[in-house]
Every structure is written in C-alpha cells, then in structure tokens.
C-alpha cells in the first residue's frame, strides 16, 4: 500500500513539474523550421539556398553569394533565442566542403518575419530597422566567435570535428 501511494505521489509530482515547462511557441517552431530548410538547401550550394536570404539594402551581395562554390556538409544549431516578436537568433556551427574541411565554424543566423514572408539574415547589417527592437548589436558584430575549451571539447565529442577560432581565418572577408 505504501509503495502504491509513493508511486502515485511521484507521478503527481512529475506531472506538476513538467506541466510548468514552457512549450516552444509556434513562431519559434516556424523560425527554426525555416532555418533548417535553408541549411538543408545549402547542402546543394548557395545557388539553391539564396532564396531563403534577405539582404535589405545589401541586395547586391546576393549575386556574389550565388557564385560561391561551397556546399554545406553539416550544421548544428547550438543555441537560439527570441530577440522580439518577429526576430530569432540562432547560434549555428557549420562545416563546408571547401574551406577548413573537417572543422566547424560558429556563426549567428537570424530568422525574421518581414511583412508576410520569413527570411534568414546572415548578418546584423541585413536586419531591417523595424526588426531591431531588443537586438544587442555589439553581441553580434563579429561573424565568428571564440569557443571556450569546454565548448570545443563538447563539439569534438559530438561530431569529432574541430571548431575554427577567429585567429584561424586567414582568407577573404575575414583576413
């Protein structure tokens, strides 16, 4: 009898604890799904994925991006946060087939609703002014961020690959 009462009380306690857990909001689910669709398209090249992107006044960048020969090998959404009702930030580890093969780079991707359309923005500069409420510009002003030894170890254990550090980048825009 005591075991039955303990079991019932344990189940009630667990239900009470988990009922307070926050469910993902539909807007977040939509943003994450859209981001995943973008990265899945990027596995076939930038020419296949550029339609997901928003550049704002930097629209001229699109033509350059379409020409990139790189293809995404793998990605890991490491973290996410809601910036405001129409903008989410995702910290993403990416591995491409032509640059630093076998290594991940950490960057920020933003997903926002502009009018009736959802877009991915790969730079804070591409985020329109009307979506910048609560955006900590300084937090995102560098494309790549450093990883702590613990983060690097966890990523290596998870996928067996190294994360590129900012000082490792010696080419193109990040020289």
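The values are calculated or read from the model by the stated rules, or taken from the named source; none is laboratory data. Remember, predicted model here, so these are calculated numbers, not experimental data. In this analysis, Cβ positions are derived from the backbone assuming ideal geometry, glycine residues included, and neighbour counts consider all displayed protein chains.
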Exercise. Could we say that residue 18 is at negative phi, at pLDDT below 90 and either in contact with a strand residue (DSSP E or B) (Cβ under 9 Å, 6 or more places away or on another chain) or exposed (fewer than 14 other Cβ atoms within 10 Å of the Cβ) (or both) here?
Worked result: yes
For this session: Give the residue that is modelled with the lowest pLDDT, with candidates limited to residues of the stretch 132-160 that are more than 17 Å from the chain's Cα centre (by Cα) and within 20 Å of residue 88 (Cβ to Cβ).
Result: 138
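To keep it simple, each residue is scored yes or no on (1) modelled with pLDDT of 95 or more; (2) surrounded by 15 or more Cβ atoms within 10 Å (Cβ to Cβ); (3) over 19 Å from residue 119 (Cα atoms).
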site: 3; (1), (2), (3): no, no, yes
site: 7; (1), (2), (3): no, no, yes
site: 10; (1), (2), (3): no, no, yes
site: 56; (1), (2), (3): no, yes, no
site: 59; (1), (2), (3): no, no, no
site: 63; (1), (2), (3): no, no, no
site: 71; (1), (2), (3): no, yes, yes
site: 79; (1), (2), (3): no, no, no
For this session: Would you please name the residue that is nearest to the chain's Cα centre (by Cα), looking only at residues in the stretch 51-67 that are under 14 Å from residue 111 (Cα atoms) and either part of a helix (DSSP H, G or I) or free of Cβ contacts under 8 Å to residues at least 24 places away in the same chain (or both)?
Result: 52
Exercise. Out of curiosity, is residue 35 in contact (Cβ under 8 Å) with a residue 40 or more places away in the chain, part of a strand (DSSP E or B) and surrounded by 20 or more Cβ atoms within 10 Å (Cβ to Cβ)?
Worked result: no
